[in-house]
1. I want to confirm something. Restricting to the range 336-375 and keeping residues that are touching a Gly at 6+ places or on another chain (Cβ under 6 Å) and part of a helix (DSSP H, G or I), which single residue is farthest from Phe265 (Cα to Cα)?
2. Taking the range 260-287 on its own, how many of its residues are over 15 Å from Ser195 (Cα atoms), buried (at least 17 other Cβ atoms within 10 Å of the Cβ) and modelled with pLDDT under 90?
3. Could you identify the single residue in Gly38, Gly106 that is assigned by TED's automatic domain parsing to the domain that holds Val186 and crowded, with 18+ Cβ neighbours inside 10 Å?
4. Looking at the range 151-161, is at least one residue of a type outside the set (Gly, Ala, Ser), in a helix (DSSP H, G or I) and modelled with pLDDT under 80?
5. Given the structure, is Glu206 in contact (Cβ under 8 Å) with a residue 40 or more places away in the chain, assigned to a helix (DSSP H, G or I) and either buried (at least 19 other Cβ atoms within 10 Å of the Cβ) or touching a helix residue (DSSP H, G or I) at 6+ places or on another chain (Cβ under 8 Å) (or both)?
6. If we scan the range 217-229, do we find a residue that is surrounded by 16 or more Cβ atoms within 10 Å (Cβ to Cβ), touching a residue at least 40 places away in the same chain (Cβ under 8 Å) and in contact with a Ser or Thr (Cβ under 7 Å, 6 or more places away or on another chain)?
7. Has the range 123-132 got any residue that is of a type outside the set (A, V, I, L, M), in contact with a helix residue (DSSP H, G or I) (Cβ under 8 Å, 6 or more places away or on another chain) and without any contact (Cβ under 8 Å) to a residue 24 or more places away in the chain?
8. Which numbered condition trips up Tyr310, out of (1) free of Cβ contacts under 8 Å to residues at least 24 places away in the same chain; (2) part of a helix (DSSP H, G or I)?
Amino acid sequence: MFERIRAILIKEFKQIFRDPRMKTVIFITPLVQIILFGYAANKDINFVPTAILDRDNSVESRELLRRFTYSKYFIPERYIYSEKEQNYVLDKGSASVVIHIDRGFGRAINAGKDAAVQLAFDGTDSNTAMIVMGYANTVVGNYRYDTLKQKAESAGWTEPFPTVDLRDRAWFNGNLVSRNYYLPGVIAIIVTMMSLLLSAMAIVKEKEIGTMEQLTVSPIKPIELIVGKLLPFAVIALIQITLVTMLGVFWFHLPLRGNLLLLLFSTCIYLFTTLGIGLFISTISSTQQESMMSVFLFFMPTMLLSGFAYPISNMPQVIQWLTFINPLRYFMVVIRSIFLKGTGIDVLWVQLVPLLIMGLLVITFSALRFRKSLG
């Protein structure tokens, strides 16, 4: 039995590495993807293109604008002089926010009255708009506090001006770098996509080149053929996750606080599901093109319901229930916890046990389906 599996393994590795394009897909493509996603998957907003419409042009309005433009968030791109220009820069996309200070702002401040400032946002990207609004509220809040303090001191206020000292502490991602949150998810997605594609096309390729009949009439048993076909892709997936992890850690300074062996062990459990699903797709597909289309049809909802980009808690209740049958959901929690929190198996077993059960069921069903298709 082991001799026959060994023969299939040697055949598969030779077939994989004989094709230069396949070597590029296996080893170069994941590295390119992690680099591209590492720079692109970044929701930190540091430079907001800003247009300024200051109709008051007073000391007070210029001080407020100075606080906006001296921060690292609001970059003044242009000064405008009418509402028509305000609409134009927002429509064109040359500014994400317009700071509009109307006439009478300085007089209202000096008279102790309420003074209004309009912040017009480009709300196309609601998440970005909400973050920019938070930055703007912070700047305006600090300006309001300093103005009140100055007026109190000029009025002869002798007591210390009351303040609330809020000291925050972020655990696991101290600098709140969004890349540290998204990159582990990108690694999980790369492993998912590559293992699905490679395993889905393995059997179909044998059908297309006409060697499946030879394997069928050979003394090789179906279980030996399955192990011999899938084991090389499991090894390749482990090599890929090691390479992209090293690139993420050393290139993007992604923290790896957990155990690398636990990461590889968790990946092995997860590969039961992806390789099993790829095997199932290969049994119902007649051509490689058909198997690739099936992989993408499966992959898209899997990624969307994994919690990679959208919190599962924000989804409708019915959709949240559906995510429990999504293996990538569990692996996403595992890989982020290992990277960012350094979590051990004493905590992650809650995710690994359902992942293992799901993987064994999928690989068993796919193997039976494959055996039936051979018969």
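1. Only one residue tops the list, namely Ser366.
2. 2
3. Exactly one residue qualifies, and that residue is Gly38.
4. yes
5. no
6. There is no residue in the range 217-229 that is surrounded by 16 or more Cβ atoms within 10 Å (Cβ to Cβ), touching a residue at least 40 places away in the same chain (Cβ under 8 Å) and in contact with a Ser or Thr (Cβ under 7 Å, 6 or more places away or on another chain).
7. yes
8. (2)
The values are calculated or read from the model by the stated rules, or taken from the named source; none is laboratory data. Computed from a predicted model, the values in this text were never measured in an experiment. Note: ideal-geometry Cβ built from the backbone for every residue, glycine included; neighbour counts use all protein chains shown.
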